[in-house]
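A.B. asks: Handing you this structure, nothing more for now.
The values are calculated or read from the model by the stated rules, or taken from the named source; none is laboratory data. Given the structure is predicted, the values throughout are model-derived calculations rather than measurements. Positions of Cβ are generated from backbone atoms using ideal geometry, with glycine treated the same way; all protein chains shown enter the neighbour counts.
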Amino acid sequence: MSILPAHWTPLLSTHALGRAINHYEHTLTSTNTVLKELARQGAPHGSLCLCECQTAGRGRLDRVWASPEGQGIWMSVLLRPALRAEDAPLITFACALAMAQAIKEVTALDARIKWPNDLVLQGRKLCGILLEMGFDAQGLFVVAGTGLNIRRGAYPPELSDRATSLEEHATLPDRGEIIAAYLRALEDAVAAIEAEGFAGIAPLYRARSVTLGSRVHVSGAVDLTGTAEDINSSGALLVRTEDGTLHSVMAGDVSVRGVMGYV
Ligand code: BTN
């Protein structure tokens, strides 16, 4: 169950991811915050930051991300991808796909992806991803943070109708095995995006989507309800409303009927 690098680095089969720095500390504010600072100090592509417990874990849309001691995998990977800045957000899809593949490999569970990057199991959220981008002396960098609920205690009890953890569905997995499998899958998915854009991972991503073909409600910059039909090459969700208009949604909060409490 350990996330100590000495435990899982022998399982690594990546070229760069997880090899540069395995910045492990017991308690950190936020692995994303710490890794962004390390990036600005020149940390190389593939650097990894992970911890047992975050005191200031952050989620998307400025939300707090609970990260209690030993209950999950709280980690961030630094990428310096060969991508234009406008294409870098596509990495979010690579992260979601890679974590779904890693979970399948280690636990045999089929986690589905709620656009853009939440992983859900039986309609409840299992994993969230926070992508942050910046520029430093080496150019564009992306910090991809992943919070995977392993034990029930990972999320506050009041979220139990919307959140879940791996131990509720499978034998308690070895966190080190999941980290190693995720880094390998992520390295492949990022390479596919560098070569072909979203098209490089689209078939694998679509096959795991819980959003496509479902009724969705979008709130934020736009507010609409319709059917999610596809994802375009920029990663935008294409939603058809009842009047037949096809809307391209780039950002916002998307609720999917039957998922995380949306009926
Ligand atoms: C979400 O809102 O769904 C994204 C949650 C991302 C949480 C992870 S935990 C590791 C990394 N460090 C953070 O502060 N956030 C991300």
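A.B. asks: Out of the residues in the range 214-263 meeting the condition of being surrounded by 15 or more Cβ atoms within 10 Å (Cβ to Cβ) and among the polar types (S, T, N, Q), tell me which one is farthest from C127 (Cα to Cα).
C.D. replies: T227
A.B. asks: From S76, S2, S13, S67, which residue is buried (at least 20 other Cβ atoms within 10 Å of the Cβ), assigned to a loop (DSSP other than H, G, I, E, B) and small (G, A, S)?
C.D. replies: Sole residue among the options that is buried (at least 20 other Cβ atoms within 10 Å of the Cβ), assigned to a loop (DSSP other than H, G, I, E, B) and small (G, A, S): S67.
A.B. asks: Continuing with this model, one more query. Of everything in the range 229-263, what is outside any loop (DSSP other than H, G, I, E, B), out of contact with any Gly (no Cβ under 7 Å at 6 or more places or on another chain) and touching a residue at least 60 places away in the same chain (Cβ under 8 Å)? Give them in sequence order.
C.D. replies: Those that are outside any loop (DSSP other than H, G, I, E, B), out of contact with any Gly (no Cβ under 7 Å at 6 or more places or on another chain) and touching a residue at least 60 places away in the same chain (Cβ under 8 Å): I231, L237, V254, V256.
A.B. asks: Additional query: Look through L204, L130, L183, L148 and report the one residue that is within 16 Å of the ligand (Cβ to nearest atom), in a helix (DSSP H, G or I) and closer than 26 Å to L83 by Cβ.
C.D. replies: L183
A.B. asks: Is it the case, given these coordinates, that A98 is closer than 21 Å to G235 by Cβ and either at pLDDT 95 or above or buried (at least 17 other Cβ atoms within 10 Å of the Cβ) (or both)?
C.D. replies: Yes.
A.B. asks: Out of all the residues in the range 15-36, which are touching a Gly at 6+ places or on another chain (Cβ under 7 Å) and under 23 Å from D188 (Cβ atoms)?
C.D. replies: A16, L17, G18, R19, A20, T31, N32
A.B. asks: Test of understanding: among F141, F93, which residue is more than 22 Å from G261 (Cα to Cα) and in a strand (DSSP E or B)?
C.D. replies: After ruling out the rest, the residue left standing is F141.
A.B. asks: Going through the range 125-165 one residue at a time, which ones are touching a helix residue (DSSP H, G or I) at 6+ places or on another chain (Cβ under 6 Å) and at pLDDT below 95?
C.D. replies: D136
A.B. asks: A further question follows. Working only within the range 57-72, note down all residues that are under 15 Å from R151 (Cβ atoms) and more than 9 Å from the ligand (Cβ to nearest atom).
C.D. replies: A66, P68, E69, G70, Q71
A.B. asks: Of all residues in the range 16-58 being among the hydroxyl-bearing types (S, T, Y) and in a loop (DSSP other than H, G, I, E, B), which is farthest from W74 (Cα to Cα)?
C.D. replies: S47
A.B. asks: Please indicate, with yes or no, whether at least one residue in the range 93-105 is in contact (Cβ under 8 Å) with a residue 40 or more places away in the chain, over 17 Å from L186 (Cα atoms) and of a type outside the set (G, A, S).
C.D. replies: No, the range 93-105 has no match at all.
A.B. asks: Is one or more of the residues making up the range 89-111 more than 19 Å from P203 (Cα to Cα) and polar (S, T, N, Q)?
C.D. replies: Within the range 89-111, one or more residues are more than 19 Å from P203 (Cα to Cα) and polar (S, T, N, Q).
A.B. asks: Do you know which residues across the range 16-37 are over 23 Å from F135 (Cβ atoms) and surrounded by 18 or more Cβ atoms within 10 Å (Cβ to Cβ)?
C.D. replies: G18, N22, L28
A.B. asks: Right, something else. Within the set of pairs 6+ apart or on separate chains, which have a first residue in the range 113-124 that is without any contact (Cβ under 8 Å) to a residue 40 or more places away in the chain and within 19 Å of A88 (Cβ to Cβ), a second that is within 12 Å of the ligand (Cβ to nearest atom) and of a type in the set (D, E, K, R), and C-beta atoms under 9 Å apart?
C.D. replies: N117/R60
A.B. asks: While we're on this one: Run I103 past the list (1) in a helix (DSSP H, G or I); (2) near the ligand (Cβ under 10 Å from one of its atoms) and report the number of the one that doesn't hold.
C.D. replies: (2)
A.B. asks: Which residues, counting only those in the range 113-127, are more than 15 Å from the ligand (Cβ to nearest atom) and surrounded by 17 or more Cβ atoms within 10 Å (Cβ to Cβ)?
C.D. replies: G123
A.B. asks: Please verify whether A170 is outside any strand (DSSP E or B) and in contact with a strand residue (DSSP E or B) (Cβ under 7 Å, 6 or more places away or on another chain), treating the condition exactly as stated.
C.D. replies: No.
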